[in-house]
Amino acid sequence: MSGAARRVLVLGGTAEARALAALLVEVPGTVVVSSLAGRVADPRLPVGEVRIGGFGGAAGLARWLSAQRIDAVVDATHPYAARMRVAAIEAARAAGVPHVRLERPGWTAQPGDRWYRVADVDAAVRALPTLGRRVLLTTGRQSLAAFLPLTGVRILARVVDAPVEPIPPHVRLLRSRGPYTVEGELELMRAHDIDVVVTKDSGGPLTEAKLVAARRLDLPVLMIDRPKPPVLPAVVHTADEAAGWLAGLPAAQPG
Ligand code: NAP
């Protein structure tokens, strides 16, 4: 490639973002900077440059893009990172930088699945007592608080890091991080006599085993839909597609 190195910001926190960083460090003339929010105490780090912490909203990110002379933004944050996704679009537009959203597809129900889809966490809290009493809650630390006031249920909450809020006696924390196996999920659900699973529609293979296990055990799954984006950017679904999108951009200009 002629001209200056292309500087790519990958907004990360996902397996796809790490996969993309691994692809891009091998591309001559490309510098990849991955960004993490800093939510997890001991994050899995991508290869290449990494920065950690918020930018201060869309305006802060736009300033950062210009100051760092970023040539392209790939927003590979989690499908439920709703604020960052909007800020990335606004900041890229303000800074005049090409932007694409890298988002893995959601899961698709298979024969035998008993999925109940709801729009958001509040709807899941309302629906949960109608589906079961012994809950495996896998929606993460940030949404845990909404489920804590529920009475008449017993909750096994799987989280990467412990939440700061006090945990009531009917909630038990299980600290762990995927990927998970079907055998492991079956064992967990049987050991805790789980009768309903609550999940986001995160998609991807790393946390899919709980859905297979729930199907085998004929358990209902309360599936919280992805937040609907207010604006629809260009979207790709895999790290390879994102790398292809970057390769199709005009070469970076020396500056
Ligand atoms: P969010 O609600 O959309 O973002 C909240 C704020 O966190 C943003 O406004 C931004 O702060 C900061 N932020 C988010 N992602 C960032 C990144 N990659 N780099 C720098 N700052 C970032 O996001 P979230 O749901 O809290 O998710 C935070 C991170 O965890 C993301 O990297 C996401 O990929 C990852 N993650 C989220 C989930 C989930 O279920 N939500 C699951 C797995 C992983 P400023 O406004 O200060 O810039």
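The values are calculated or read from the model by the stated rules, or taken from the named source; none is laboratory data. Values in this document were obtained by computation on a predicted structure and should not be read as measured data. Note that we place each Cβ from the backbone using ideal geometry, even for glycine, and neighbour counts take in every protein chain shown. For accessibility, only protein heavy atoms count, side chains too; no ligands or nucleic acids. Shrake-Rupley method; radii C 1.70, N 1.55, O 1.52, S 1.80 Å.
Exactly one residue out of Gly203, Gly178, Gly248, Gly244 is closer than 28 Å to Ala81 by Cα and touching a Pro at 6+ places or on another chain (Cβ under 6 Å), and it is Gly203.
Do any strands (runs of 3 or more DSSP E) entirely within region 66-124 hold 1 or more residues that are modelled with pLDDT of 95 or more and within 13 Å of the ligand (Cβ to nearest atom), and if so, which? Reasoning before the result, please.
Working: elements: 72-75, 99-102, 114-118.
In region 66-124, 72-75, 99-102 are the strands (runs of 3 or more DSSP E) which contain 1 or more residues that are modelled with pLDDT of 95 or more and within 13 Å of the ligand (Cβ to nearest atom).
Condition first: in contact with a helix residue (DSSP H, G or I) (Cβ under 7 Å, 6 or more places away or on another chain) and assigned to a strand (DSSP E or B). Now tell me which residues in region 20-65 satisfy that. Selection gives Thr30, Val32, Ser34. Filtering region 12-29 to residues that are open to solvent by 30 Å² or more (accessible area, probe 1.4 Å), farther than 20 Å from Leu206 by Cα and either near the ligand (Cβ under 7 Å from one of its atoms) or touching a residue at least 12 places away in the same chain (Cβ under 8 Å) (or both) leaves Val25, Val27, Pro28, Gly29.
Could you tell me whether Val47 is touching a residue at least 60 places away in the same chain (Cβ under 8 Å), within 29 Å of Arg177 (Cβ to Cβ) and surrounded by fewer than 21 Cβ atoms within 10 Å (Cβ to Cβ)?
Judged against the criteria, Val47 is not a match.
Go through the residues of region 190-206 one by one and say whether even a single one is in a helix (DSSP H, G or I) and under 23 Å from Trp115 (Cα atoms). Yes, the conditions are met somewhere in region 190-206.
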